[in-house]
Amino acid sequence: MAIDAAFSSQIGLGIRDQIVSEDFAATNDDYKRAGIIAKIGPYLVDDFAYAIKFLADGGSSETIKRDINPRHVLAQAWNINRLEAATQRARENVFDGPIRVVGLRLAGLPDLYLVIDGMHRTVAARLVGRSFITAEVRGYWLCNPACAVIRGRFLHVSDGYGGFQRRQRDKEVMNILRGLGVVDHTPIIWKSLRSGLISVQNWYRKVANLIAS
């Protein structure tokens, strides 16, 4: 299954950093501590990075130094002091050496990168509007959606020996994997039951809201 065209278009626009509001319901306090939340398409960068790593299926380990687009680096700031210092240095054109990353390649998407070192420098580069940042790329992982399938609430990932490892994952991660081209082999009856359950849950919520009002 090929990567979804609309999904590819959203992801291709790169990462955007948003100010975190006080009422932001974050499961990870790092977002609030940094004051910035990074998204790629409609997804949190951390969720996207977590999901795409399941599809790593071979690659190279050759290290190269090159300039890359910081909007394609899957970086989320987690410390406000470090972010402010890095942003100030970026505004003053002070460079602290290349960041260190691993590349991700998947047909239909631009090259994306996971950060080994340089998370805050990357976010700072985006915040000041830089179109590139120097990076030491420590190889590229080739991502293959065919190495995984979805069945119900479980992701089945190839173990590299002809079998599959079963992993239960949350809804957001599953949606990202579907967008990346992972085939959903959930039986039709399970999809129907799940859809019916969601409808019932929505009905109860509406009733509860009416009673509360």
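At-a-glance table
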item: Label-zone membership for region 59-101, site residue 128, 7 angstrom Cα→C-beta point, backbone N under 11 Å; result: 85-96
item: Label-point separation, residue 91 to residue 5 (7 Å along Cα→Cβ), nm; result: 4.3 nm
item: Radius ratio Rg over Rh of region 40-122, counting only Cα atoms, Kirkwood formula for Rh; result: 0.98
item: Radius, Kirkwood style, for region 5-146 when every pair of distinct Cα atoms is counted (Å); result: 15.5 Å
item: For 149, 73, 183, order by how many other beta-carbon atoms lie within 10 Å, fewest first; result: 183, 149, 73
item: Cβ-based exposure ranking for 134, 122, in which fewest neighbours within 10 Å come first; result: 134, 122
item: Order of 180, 106 under a 10 Å beta carbon neighbour criterion, fewest first; result: 106, 180
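The numbers here are math on the coordinates, done by the rules we state, and not lab data. As the structure is a computational prediction, the values presented were derived from the model and not from experiment. Cβ atoms come from the backbone with ideal geometry, glycine included; neighbour counts cover every protein chain shown.
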